[in-house]
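A.B. asks: Quick one: the structure is below, and I'll ask about it shortly.
The values are calculated or read from the model by the stated rules, or taken from the named source; none is laboratory data. These figures come from a predicted structure and were not determined experimentally. Here the Cβ positions follow ideal geometry from the backbone for every residue, glycine too, while neighbour counts run over all protein chains shown.
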Amino acid sequence: MFTPIGDDNSDRRIKPYVNYMLILLNLLVFFVLQGAGSNLAFTYAFASVPAEILTGTDIVTEAQRFVDEYTNTTFEIPGLQVTPIPVYLTLFTSMFMHGGIGHLIGNMLYLWIFGDNLENRMGHGRYLAFYLITGVLAALSHVFSIFLIPGSELIPMIGASGAISGVLGGNIILLPHRRITVLIGIWPFQVSALFALGMWIVFQFINGLGALGSEGDGVAYAAHIGGFVAGVILVKFFDNGKDPEDREIWIRRVR
């Protein structure tokens, strides 16, 4: 499996302030509000829970104790906490929380590489709207998958992966030929965005099918796939149709 580490930004015409803001917000929420993962009460209060979205009601559960069969260590996982906001708003709050440092870094790397490309095409406001809408649709895709195959409706969902999947879907439509630098092992190679992101979504489908009917690996693949499809479908509605450089030329001509 390869890892994207950069791309060609030679055509950038605007500073991606919104993308920077989104990355900063994710970092602040994780390290300050989530206590770098230690504040489970906050996480379990503001995460998106499929059962709550399906019923529209806040659900509170008891903490559970588990015993590690290898170390014989007992640990406690808190139950679902009181959500001090309407449960439907957790579709937004959940996309700014993460389950661990690896989860956070992986998501922010993809957002750093691919988010600025769409902001450059869409402009600041359109890009922010696109990011939030595809993130919500991604979360709803996961909720719908739980509705079809019940069993984990009380497991909270967090992470920016759904919204970032929408960003990846937008990139594969608007910028399929952009050169992406990827690491295969320890060696860097350049491939097209179409190839890199095409491989990414294929892995999501394969892993998602493998998780059907099992507990899976804790990854909401339906959210990844749903966000990607939403990005593919919606990106043309948010694209302004012109590169920022073209708009500047048009404005100078009008003047």
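A.B. asks: How many residues does region 1-26 hold that are touching a helix residue (DSSP H, G or I) at 6+ places or on another chain (Cβ under 7 Å) and of a type in the set (A, V, I, L, M, F, W, C)?
C.D. replies: Selection size over region 1-26: 5.
A.B. asks: Given the criterion over 30 Å from D8 (Cα atoms) and not charged (D, E, K, R), identify the matching residue among I113, I77.
C.D. replies: After applying the criteria, what remains is I77.
A.B. asks: Determine whether H142 is out of contact with any helix residue (DSSP H, G or I) (no Cβ under 6 Å at 6 or more places or on another chain) and in contact (Cβ under 8 Å) with a residue 24 or more places away in the chain.
C.D. replies: No, not satisfied.
A.B. asks: Can I ask one more? For region 161-180: of the residues being out of contact with any Leu (no Cβ under 8 Å at 6 or more places or on another chain) and over 30 Å from S94 (Cα atoms), which is surrounded by the most Cβ atoms within 10 Å (Cβ to Cβ)?
C.D. replies: The extreme case among them is R178.
A.B. asks: Would you point out the residue of region 1-22, among those that are aromatic (F, W, Y) and modelled with pLDDT of 90 or more, that is surrounded by the most Cβ atoms within 10 Å (Cβ to Cβ)? Talk me through it step by step, then tell me what you get.
C.D. replies: Filtering region 1-22 down to residues aromatic (F, W, Y) leaves 2, 17, 20.
Adding the requirement that they be modelled with pLDDT of 90 or more leaves 17, 20.
Working: Y17: 13, Y20: 15.
Going through the qualifying residues, I end up with Y20.
For (1) surrounded by 24 or more Cβ atoms within 10 Å (Cβ to Cβ); (2) without any contact (Cβ under 8 Å) to a residue 60 or more places away in the chain; (3) polar (S, T, N, Q); (4) more than 21 Å from V219 (Cβ to Cβ), each residue gets a yes or a no:
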| residue | (1), (2), (3), (4) |
| --- | --- |
| G102 | no, yes, no, no |
| N107 | no, no, yes, no |
| N120 | no, no, yes, yes |
| F130 | yes, no, no, yes |
| T134 | yes, no, yes, no |
| P150 | no, yes, no, no |
| G159 | yes, no, no, no |
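A.B. asks: Of everything in region 31-59, what is among the β-branched types (V, I, T) and touching a residue at least 60 places away in the same chain (Cβ under 8 Å)? Give them in sequence order.
C.D. replies: T43, V49, I53, I59
A.B. asks: Tally up the residues in region 157-173 that are of a type outside the set (V, I, T) and more than 11 Å from L118 (Cα to Cα), please.
C.D. replies: Of the residues in that region, 7 qualify.
A.B. asks: Does P176 satisfy the criteria of being modelled with pLDDT under 90, touching a helix residue (DSSP H, G or I) at 6+ places or on another chain (Cβ under 9 Å) and closer than 19 Å to R121 by Cα?
C.D. replies: It is false that P176 is modelled with pLDDT under 90, touching a helix residue (DSSP H, G or I) at 6+ places or on another chain (Cβ under 9 Å) and closer than 19 Å to R121 by Cα.
A.B. asks: Among the candidates T55, T93, T43, which residue alone is among the hydroxyl-bearing types (S, T, Y), more than 19 Å from Y221 (Cβ to Cβ) and more than 20 Å from the chain's Cα centre (by Cα)?
C.D. replies: T55
A.B. asks: I've got another one for you. Can you name the number of the only condition in (1) surrounded by fewer than 19 Cβ atoms within 10 Å (Cβ to Cβ); (2) under 21 Å from L111 (Cβ atoms); (3) modelled with pLDDT of 85 or more that F203 fails?
C.D. replies: The failed condition is (3).
A.B. asks: Going by the conditions given, is V67 buried (at least 17 other Cβ atoms within 10 Å of the Cβ) and either hydrophobic (A, V, I, L, M, F, W, C) or modelled with pLDDT of 95 or more (or both)?
C.D. replies: The answer is no for V67.
A.B. asks: OK, next. Evaluate the following for Q81: is it more than 16 Å from the chain's Cα centre (by Cα) and in contact (Cβ under 8 Å) with a residue 24 or more places away in the chain?
C.D. replies: For Q81, the condition - more than 16 Å from the chain's Cα centre (by Cα) and in contact (Cβ under 8 Å) with a residue 24 or more places away in the chain - is met.
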